[in-house]
Amino acid sequence: MALLKIARMGHPVLRARAAEIEDPKAPWLRQLVEDMVETMEDAGGTGIAAPQVHAPYRIVVFQVHGERITDLPGDSEQELTVLINPIIEPVGSERAYGWEGCLSVPGLRGVVPRHLRVRYHGVDLDGNPIDREVAGFHARVVQHECDHLDGILYPQRMTNHRLLVFTEELQRYPIDVAAVLAEGDRE
Ligand code: NI
């Protein structure tokens, strides 16, 4: 077990498309995932994608805690999930805005539009299939983590950059998100 260095926004590994995993049961992969989990927990993250620890492969790990979920059907708590070669499909066309942070963009938070409902599938470390349909915060976490595999960070998904703020300032000065969204972005 080891804590891994987390790549920060600007490092090219975070802009590249990550490679498919050919053998999900490979011992090196199990070791990488153990280290990713330890690194995520140490940093207080909800999820982490392999490129964030300089490993350019299509693997994400995440968990969904009860305090962040909404009352939408499908927005469920989720124990630690290791998802290899994930594919996400939107379910319906509804979108929702919500706050996100990222271990690769330390100290900041932003309001990001995401699909409200998605279906995701992939395999776990034993090669067993994972296939879930989820909503709300659970869907948001998966979309955020899987974006990392395509070289996308959440600020690139934002539509109103007045809602990109330092976490400390947000705690001091709460933002009326609906009001700022209604005003629109500024050139
Ligand atoms: Ni992230």
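The values are calculated or read from the model by the stated rules, or taken from the named source; none is laboratory data. Just so it is clear, the structure is predicted and the values come from calculations on it, not from any experiment. A quick note on method: Cβ atoms are made from the backbone with ideal geometry, for glycine too, and the neighbour counts reach across all protein chains shown. For the accessible areas, the whole protein counts, side chains as well, though only heavy atoms, and no ligand, DNA or RNA atoms are used. Shrake-Rupley method; radii C 1.70, N 1.55, O 1.52, S 1.80 Å.
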request  = Go through segment 92-122 and give me each residue that's among the polar types (S, T, N, Q) and either away from the ligand (no atom under 11 Å from the Cβ) or closer than 13 Å to residue 139 by Cα (or both).
outcome  = 93
key: Number of the condition not met by residue 70 [criteria: (1) surrounded by 14 or more Cβ atoms within 10 Å (Cβ to Cβ); (2) within 16 Å of the ligand (Cβ to nearest atom); (3) modelled with pLDDT under 95]   = (2)
task = Determine if segment 54-62 includes at least one residue that is under 16 Å from residue 106 (Cα atoms) and at pLDDT 95 or above.
result = no
ask   = If you check every pair at least six apart or on different chains, which have Cβ atoms under 6 Å apart with a residue in segment 40-68 that is part of a strand (DSSP E or B) first and a residue that is within 11 Å of the ligand (Cβ to nearest atom) and small (Gly, Ala, Ser) second?
value = 60/49; 62/47
query = Quick one: would you say residue 88 is closer than 27 Å to residue 181 by Cα, of a type in the set (A, V, I, L, M, F, W, C), open to solvent by less than 60 Å² (accessible area, probe 1.4 Å) and in a loop (DSSP other than H, G, I, E, B)?
reply = no
message = When you check residue 77 against the structure, is it modelled with pLDDT under 95 and more than 15 Å from the ligand (Cβ to nearest atom), yes or no?
response = yes
